[in-house]
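A quick write-up on the structure given underneath.
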Amino acid sequence: MSFPQNTPGIDELINLTAGEIAQLPVELLAAMQHEIDAAARHVKTLTARFATALEVRYAASAAEDRHGLGKDTGTVRLQDGPITVVAELPKRVDWDQSLLAALVGRILADGADPGEYVDLALSVSERKYTAWPRDIRDEFAPARTVRTGKPKFRLLLGEEVR
């Protein structure tokens with residue numbers, strides 16, 4: 001679908017308020033959303049390729065510097081001509097939940113407070129909660145808070161609603 005010459009493109013959206021954008025023809029909104037999604041995919045691909053290029057260029061030097069400092073992770077600074085490169089390698093730790101549960105059981109059996117050693121977080125899946133009988137749900141309801149996420153809208157030009 002073609003639009004008049006004076007309709008804004010996605011580059012001009014930055015100069016419009018949300019209210020002004022909301023008043024644009026729905027067909028134009030759908031076309032813009034499609035164009036924005038394509039641009040976002042393009043930028044995501046470009047960002048990933050650029051990050052990989054920086055990793056190819058600096059990862060070995062950063063690993064060497066970390067090794068020299070006696071560490072496997074963390075931040076080191078490299079000099080590349082006039083540019084200081086800050087190379088970060090974050091530490092990600094995963095814990096085996098069943099082994100932790102056993103250790104918490106041992107701590108409790110010894111009469112100690114496991115909260116002094118581990119962070120405890122209990123949760124209930126929404127699927128399980130809704131499948132419970134009403135009396136059990138009523139017991140748990142005071143501990144449950146429902147929040148909503150940010151609303152999302154997709155405009156499908158020429159497609160039927162399902």
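The values are calculated or read from the model by the stated rules, or taken from the named source; none is laboratory data. What you see is a predicted model, and the numbers here were worked out from it, not measured in a lab. Cβ: placed from backbone, ideal geometry, glycine included. Neighbour counts: every protein chain shown. What goes into the accessible areas is simple: the full protein's heavy atoms, side chains included, and nothing from ligands, DNA or RNA. Shrake-Rupley method; radii C 1.70, N 1.55, O 1.52, S 1.80 Å.
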Item to check | Gln79 being open to solvent by 80 Å² or more (accessible area, probe 1.4 Å) and more than 27 Å from the chain's Cα centre (by Cα) | outcome: yes
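Given the criteria within 30 Å of the chain's Cα centre (by Cα) and at pLDDT 95 or above, does Arg92 qualify? Quick ask: steps written out before the conclusion?
On the way: within 30 Å of the chain's Cα centre (by Cα): yes; at pLDDT 95 or above: no.
Taking the combined requirement at face value, the residue does not satisfy it.
Conditions tested, residue by residue: (1) of a type in the set (D, E, K, R); (2) modelled with pLDDT of 90 or more.
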residue	(1), (2)
Pro4	no, no
Glu35	yes, yes
Ala51	no, yes
Lys71	yes, yes
Item to check | Residue that is nearest to Leu28 (Cα to Cα) [pool: residues in region 124-162 that are of a type in the set (S, T, N, Q) and modelled with pLDDT of 90 or more] | outcome: Thr145
Checklist outcome for this item: Going through (1) part of a loop (DSSP other than H, G, I, E, B); (2) touching a strand residue (DSSP E or B) at 6+ places or on another chain (Cβ under 6 Å); (3) of a type in the set (D, E, K, R) one by one, Glu88 fails only at (1)
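Output the residue which, of all residues in region 42-75 that are assigned to a helix (DSSP H, G or I) and acidic (Asp, Glu), is least open to solvent (accessible area, probe 1.4 Å).
So in region 42-75, the residues assigned to a helix (DSSP H, G or I) come out as 42-68.
Filter once more, so that each one left must be acidic (Asp, Glu): 55, 64-65.
Numbers: Glu55: 120, Glu64: 135, Asp65: 62 Å².
Here the residue is Asp65.
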Item to check | Options Leu108, Leu156: the member that is within 30 Å of Ala22 (Cα to Cα) and aliphatic (A, V, I, L, M) | outcome: Leu156
Checklist entry - When region 101-127 is examined, which residues are found to be within 31 Å of the chain's Cα centre (by Cα), surrounded by 10 or more Cβ atoms within 10 Å (Cβ to Cβ) and not aliphatic (A, V, I, L, M)? => result Pro114, Gly115, Tyr117, Glu126
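I want to confirm something. Restricting to region 26-41 and keeping residues that are without any contact (Cβ under 8 Å) to a residue 24 or more places away in the chain and within 21 Å of the chain's Cα centre (by Cα), which single residue is least open to solvent (accessible area, probe 1.4 Å)? Full working, then the answer.
Looking only at region 26-41, we keep the residues that are without any contact (Cβ under 8 Å) to a residue 24 or more places away in the chain, and these are 32, 37-38, 40-41.
Applying the additional criterion that residues be within 21 Å of the chain's Cα centre (by Cα) yields 37-38, 40-41.
Values: Asp37: 75, Ala38: 41, Ala40: 58, Arg41: 139 Å².
So the residue we want is Ala38.
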Checklist entry - Has region 130-138 got at least one residue that is loosely packed, with under 10 Cβ neighbours inside 10 Å, of a type in the set (Gly, Ala, Ser) and not in a loop (DSSP other than H, G, I, E, B)? => result no
